[in-house]
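Following: one structure in structure tokens, then a few remarks.
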Amino acid sequence: MYNVWIKRKTSNEVDTIVLPLFEEKLQVEDKEINKKLARLKNKDQFKGSFGEIAELTRNVNDVIQDVIILGLGKEEDVNREKLRRAFGKVQKTIEKLKSEEIFLEFININNISVEESLKIISEGLNLSAYKFDKYKKNKSEQKVINIYIDGQEIDDIKIKDYEKSLDETNNIVKSIYDARDIVNEPANVIYPETLGIKAIEFGEKYNFEVEIFNDIEIEALGMDAFLSVGKGSDNKPRLIIMRYFGDEENKDKKIGLVGKGITYDAGGYSIKSTEGMVTMKADMGGAATVIGAMCSIAKNKLKANVIAVVAACENLISGHAYKPGDIINSMAGKTIEVLNTDAEGRLTLIDAITYIIRNEKVNEVIDVATLTGAAVVSLGTDVTAVVTNNNEFYNELKKATDITGEKMWQMPNFDDYKKLIESDIADLKNIGGKYAGAITAGLFVGEFVENKSWLHLDIAGPAYIDSSWDYCVKGATGAGIRTLYELIKNRI
Ligand code: BES
Ligand code: MN
Ligand code: ZN
């Protein structure tokens with residue numbers, strides 16, 4: 001964990017100094033650093049362009065300090081996300097240099113308040129520092145690294161406020177770590193029962209209610225679609241319900257979050273290739289995101305009422321599994337022709353949505369799911385595909401992403417797409433054919449939101465990544481957690 005402190009040490013008392021610089025002003029006060037910087041500049045080895053890093057040293061009373069120079073590019077081009085990414089890169093350098101006590105020269109950035117800059121710096125450093133190496137013999141040490149900022153530039157009375165804001169950020173980052181962990185855990189460790197146990201542990205730790213229904217209780221609710229997907233596995237399904245009431249005065253104002261919780265997706269009888277299957281422990285990424293959002297919201301005691309539901313099961317083959325061609329029912333009473341058992345996520349989501357609307361009585365719904373390869377084909381690996389029935393709700397989401405830097409984009413939802421999921425022999429079919437797969441999947445889910453405002457986030461691309469970039473580490477990312485938190489916080 002990287003702790004950001006304001007005004008506790010001077011630059012002489014640390015092992016490393018971090019100096020962010022705009023490219024138009026490659027100058028620092030310290031003479032030794034300045035000379036070294038000029039030398040690099042003359043040799044064209046450092047221009048101060050965005051994300052560029054130079055490693056120097058300086059001598060203070062015969063002790064050698066490391067100096068990390070961070071190029072920020074042109075001042076007018078720096079924004080929140082760039083700052084976050086730049087500090088993701090700085091973290092990698094800090095790790096390499098084995099720095100522990102760091103002095104950061106604070107730099108004021110156009111249009112970003114000091115408070116927000118501090119939060120973003122802390123976020124960038126900590127998101128980048130995440131590791132999942134518990135199964136390796138050579139684990140990295142979990143150290144606390146202190147980053148000190150000279151408070152001179154910073155208003156004295158505000159320091160307490162800044163520290164509170166930094167706590168808020170740390171709480172969110174820790175929830176993202178928890179969410180990344182449960183996604184990175186393999187499917188022999190995290191299956192519906194153990195995912196439920198994780199939710200209970202988080203609920204006890206951060207103060208939200210958790211209720212778990214087993215297969216018999218799920219059957220009593222009439223969740224035939226959800227049960228059909230899970231039938232092929234010996235690991236029984238679980239319905240995980242999390243409730244947080246932070247706004248007691250408005251008890252009937254509740255926002256509902258639904259996360260796809262396929263703890264393993266082999267595809268069922270429409271079986272995947274080994275290559276397609278190997279990362280499918282991560283098919284509960286949507287569940288991890290809503291759990292992470294609940295933890296962040298509860299830890300920071302937001303004044304909001306939030307209910308989250310996860311229909312957790314495994315999609316496998318066996319003598320009990322559902323089959324292509326089956327016609328199944330749903331909690332809402334609509335029948336579904338299953339033409340592909342690998343389009344399972346939507347079948348679990350719809351029953352969770354019916355439950356959260358009818359039984360938990362939420363006013364609006366956001367579902368989050370690693371739902372379609374088509375979303376990745378349409379928008380690439382880093383962008384969440386959004387389907388909605390309410391443009392104002394979508395605008396709230398966009399506003400939140402402006403702050404968090406998470407990339408999300410709305411898909412068209414023309415009525416004609418709905419024809420693609422009409423079945424000849426049932427109310428709906430679970431695939432829409434070859435084209436517009438992310439949209440037809442979204443609209444299938446949308447058939448079950450009754451009259452509620454709804455956002456559908458297909459995180460198949462950003463939830464789990466093959467290679468690291470800036471502050472996002474290879475594997476599970478916790479995509480969507482920061483944005484859900486921000487959206488809900490913005491309403492208060
Ligand atoms: N979990 C997958 C989607 C997925 C694929 C997520 C790749 C992350 C990376 C989902 O259950 C699935 O298999 N979807 C099918 C739908 C198709 C059968 C209509 C797909 O995208 O191929
Ligand atoms: Mn699937
Ligand atoms: Zn799936």
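Within segment 85-97, can one find any residue that is without any contact (Cβ under 8 Å) to a residue 24 or more places away in the chain and either farther than 26 Å from LYS158 by Cα or assigned by the TED database to the domain that holds ALA129 (or both)? Yes - at least one qualifying residue is present in segment 85-97. Within segment 24-46, is there a residue that is closer than 21 Å to ASN79 by Cα and modelled with pLDDT of 95 or more? No: zero hits. Among the residues of segment 104-115, are any at pLDDT 95 or above and either buried (at least 18 other Cβ atoms within 10 Å of the Cβ) or touching a strand residue (DSSP E or B) at 6+ places or on another chain (Cβ under 7 Å) (or both)? Within segment 104-115, one or more residues are at pLDDT 95 or above and either buried (at least 18 other Cβ atoms within 10 Å of the Cβ) or touching a strand residue (DSSP E or B) at 6+ places or on another chain (Cβ under 7 Å) (or both). All conditions in (1) assigned by the TED database to the domain that holds PHE106; (2) within 26 Å of GLY259 (Cβ to Cβ) hold for GLY151, with the sole exception of (2). Is one or more of the residues making up segment 19-31 closer than 15 Å to TYR148 by Cβ and surrounded by 14 or more Cβ atoms within 10 Å (Cβ to Cβ)? Yes, some residue in segment 19-31 is closer than 15 Å to TYR148 by Cβ and surrounded by 14 or more Cβ atoms within 10 Å (Cβ to Cβ). Scanning segment 352-379 for residues that are assigned to a loop (DSSP other than H, G, I, E, B) and within 14 Å of ligand 3 (Cβ to nearest atom) yields THR370, LEU371, THR372. Scan ILE328, ILE307, ILE336 and give me the residue that is under 22 Å from GLU450 (Cα atoms), among the hydrophobic types (A, V, I, L, M, F, W, C) and surrounded by fewer than 23 Cβ atoms within 10 Å (Cβ to Cβ). Going through ILE328, ILE307, ILE336 in turn, just one is under 22 Å from GLU450 (Cα atoms), among the hydrophobic types (A, V, I, L, M, F, W, C) and surrounded by fewer than 23 Cβ atoms within 10 Å (Cβ to Cβ): ILE328. Only one entry of LYS281, LYS334, LYS260, LYS272 meets the criterion of being part of a loop (DSSP other than H, G, I, E, B), within 14 Å of ligand 2 (Cβ to nearest atom) and touching a helix residue (DSSP H, G or I) at 6+ places or on another chain (Cβ under 9 Å), and that entry is LYS272. In summary, ILE157 fulfils each of the numbered conditions (1) modelled with pLDDT under 95; (2) among the hydrophobic types (A, V, I, L, M, F, W, C); (3) assigned to a loop (DSSP other than H, G, I, E, B) with the single exception of condition (3).
Residues checked against (1) crowded, with 23+ Cβ neighbours inside 10 Å; (2) in contact (Cβ under 8 Å) with a residue 24 or more places away in the chain; (3) small (Gly, Ala, Ser):
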| site | (1), (2), (3) |
| --- | --- |
| PHE245 | no, yes, no |
| LYS254 | no, yes, no |
| GLY259 | yes, yes, yes |
| LYS272 | no, yes, no |
| GLY285 | yes, yes, yes |
| ILE291 | yes, yes, no |
| ILE297 | yes, yes, no |
| LYS301 | no, yes, no |
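Do the conditions hold for LEU349, that is, is it within 16 Å of ligand 3 (Cβ to nearest atom), within 24 Å of ASN235 (Cα to Cα) and part of a helix (DSSP H, G or I)? Criteria met by LEU349. Taking (1) modelled with pLDDT of 95 or more; (2) more than 23 Å from the chain's Cα centre (by Cα) in turn, ILE149 satisfies each apart from (1). Inspect all residues belonging to segment 308-327 and state whether any of them is assigned to a helix (DSSP H, G or I) and away from ligand 1 (no atom under 11 Å from the Cβ). No, segment 308-327 contains no residue that is assigned to a helix (DSSP H, G or I) and away from ligand 1 (no atom under 11 Å from the Cβ).
The values are calculated or read from the model by the stated rules, or taken from the named source; none is laboratory data. Since the structure is predicted, the reported quantities are computational estimates derived from the model, not experimental observations. Cβ coordinates were reconstructed from backbone atoms using ideal geometry, including for glycine residues, and neighbour counts include every protein chain displayed.
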